[in-house]
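Accompanying notes for the structure given below.
The values are calculated or read from the model by the stated rules, or taken from the named source; none is laboratory data. Predicted model, so just to flag it, every value in this text is computed and none were measured. Backbone-built Cβ (ideal geometry, glycine too); neighbour counts: all protein chains shown. Please note that ligands, DNA and RNA were not included when accessible areas were found on the heavy atoms of the full protein model with its side chains. Shrake-Rupley method; radii C 1.70, N 1.55, O 1.52, S 1.80 Å.
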Amino acid sequence: MGNVLLVGVVLVVGIVLVTLSFAFLDGTGAPSADASFEYEQTPVGLRMTPVALGTDVAVQLNGRTVTSFESGAAGKSVVIPTAPGDRIVVVSQDGDRSVLVDREIDDREEIGQFISYYTFESGSGDTLVDRSGNGNDGTANGDPRWTGQSLAFDGVDDAVSVDGFRTPVDSVDEFTIAVTYRTDDGGKKQELVEHKSSNDNWLLELKPCSNPQVPSGTCSGDEEYAPVFSVDQSGGSQDEQVFGGGQKAGTRRVLVGTFDGSEHTLYVDGERESTGDYSGEISMGDMTIGKDIEPGNGDYLDGEIYEIRLYYTAFDAEAVRVLTDTMD
């Protein structure tokens, strides 16, 4: 079920070719050579391939350069993790820096296979809007604070609950969860996101170096903690935890966890940290953001969350790198 497409999107076998081709825009400094790009939808987002290219170009996603193509690189491609409202801009790398493509992504056939997608820069009130279009909105508990670029959690009673994901299947054998966050307290266990349904459990969390479950030598010091990714069916005992290296509190990070049906892997700021073994399917249901989902367990986040993306598909290492650059 790992390749189940978005809710409301007709299932298609294989990759759907999006018949889009963009010629260079006319303007001062525009290269004289013909150039165009083709786009294909993939579970991650749009695969971008130059059909013809007469100059070196940089590809920007929402104002940030995520990749580049050299002149003559026709046929080579890169996957861009596009989301609703994204903007792709292609700029020549000559002295004139001509804008060759400027396109807003607003079609569901141009984005990745999202389960849910949350940004926090423009929220208000007690509703966290799911921008994937699937209607998986969250409800704030306690009094988390909208900062204009994030949602700030006080480490005491702030959390967000997402009750019952709207998905076409109950279980999947692939997924990717990605979170951009900052914690201000490395000395206590904190939850970023957690799902639990019966014995199915998956999560991204932070554990202090002093926690007995953190492997010896992983980290040290009161201000350091270890990121954790877990996927298992042990009823929440988290027997299949994998750990990242020690991180300093007060620093913004991007954590990505992938599960491909047999292994789950943790990436920290785009770098692969560790991999564990778990085979089978895992459910998609209730999710809690900023605290442990178990009643009576606090483990509240003391810090901020900037973005969360949850996909039906398992990203490979290169896609994780591009996703991390996008979410950083």
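In terms of packing, defined here as the mean over residues of other Cβ atoms within 10 angstrom, the peptides 248-254, 322-328, 196-202 line up highest first as 322-328, 196-202, 248-254.
For the Cα atoms of the chain, what angle does the longest principal axis make with the long axis of helix 317-327, in degrees from 0 to 90, nearest 10? Roughly 90 degrees between the two axes. Each part gets one Cα centre, and for the stretch 265-328 versus the stretch 196-233 those centres are 12 Å apart.
Dividing the mean sequence gap of close Cα pairs (under 8 Å, 6+ apart) by how many residues the chain holds gives a relative contact order of 19 percent.
Modelled label positions at Thr139 and Val99, each set 7 Å beyond Cα in the direction of Cβ, lie 4.3 nm from each other. Phi-derived couplings, Karplus 6.51 cos²θ - 1.76 cosθ + 1.60 at θ = phi - 60°, listed residue by residue for the stretch 223-234: 9, 10, 8, 10, x, 9, 10, 9, 9, 6, 10, 9 Hz, with x used for Gly and Pro.
Report the extension gain between Asp222 and Val156 in nm, rounded to one decimal, defined as 0.36 nm multiplied by the number of residues separating them, less their alpha carbon distance. The partial results should precede the final answer.
On the way: separation 66, 0.36 × 66 = 23.76 nm, distance 1.95 nm.
21.8 nm is the gain from fully extending Asp222 to Val156.
Recomputing Cα extents along the principal axes in Å from the coordinates shown identifies the correct label among (i) 65, 45, 32; (ii) 88, 54, 34; (iii) 65, 41, 40 as (iii).
Ignoring ligands, DNA and RNA, please state the percent of accessible area on the stretch 65-145 from carbon and sulfur, probe 1.4 Å.
Numbers: 1350 of 3550 Å².
Ligands and nucleic acids excluded, carbon and sulfur reach 38 percent.
Over the stretch 217-328, with every protein chain in place, what whole percent of the accessible area is carbon and sulfur at 1.4 Å, could you tell me?
On the way: 1370 of 3950 Å².
It is 35 percent, rounded to a whole number.
For Glu307, the residues whose amide H sits under 5 Å from its own are Thr180, ignoring neighbours fewer than 5 places away on the same chain, with H placed 1.01 Å from N.
How big is the charge dipole of the chain about its Cα centre, in debye rounded to the nearest 20, if each Lys and Arg gets +1 on its Cβ and each Asp and Glu gets -1 on its Cβ?
Dipole magnitude for the chain comes out near 500 debye.
Sequence-ordered 3J(HN,Hα) estimates for the stretch 197-214 from the Karplus curve with 6.51, -1.76 and 1.60 and θ = phi - 60° stand at 9, 6, 8, 6, 8, 9, 6, 10, 9, 10, 10, x, 4, 6, 5, x, 7, 6 Hz, glycine and proline given as x. Using the Cβ-Cβ distance between Asn199 and Arg272 with R0 set to 22 Å, the FRET efficiency works out to roughly 0.20.
Applying a 10 Å radius around every beta-carbon, put 74-81, 299-306 in order of their mean neighbour count, most first. Each step should come with its number before you reach the end.
On the way: 74-81: 18.4, 299-306: 22.4.
Ranking, from highest mean packing down: 299-306, 74-81.
Between Glu263 and Asp286, how high is the FRET efficiency from 1/(1 + (r/R0)^6) when r is the Cβ-Cβ distance and R₀ = 35 Å? Nearest 0.05. Intermediate results must be reported in sequence, preceding the final value.
On the way: r = 25 Å, r/R0 = 0.70.
The computed FRET efficiency comes out at 0.90.
Spatial offset of the stretch 60-118 relative to the stretch 169-186 amounts to 24 Å, using the alpha carbon center of each. Computed over protein heavy atoms with a 1.4 Å probe, the accessible surface of the stretch 161-261 works out to 35 Å² per residue. Potential lengthening of the chain between Trp146 and Ser279 amounts to 44.0 nm, from the contour at 0.36 nm per residue minus the alpha-carbon distance.
Compute the length gained on full extension between Glu70 and Asp316: take 0.36 nm times their separation in residues and subtract their Cα-Cα distance, giving the result in nm to one decimal.
Numbers: separation 246, 0.36 × 246 = 88.56 nm, distance 2.36 nm.
Gain on stretching Glu70 to Asp316: 86.2 nm.
Simple spin-label estimate for Arg108 and Ser124 gives 2.8 nm between the two label positions (7 Å along the Cα-to-Cβ direction from each Cα).
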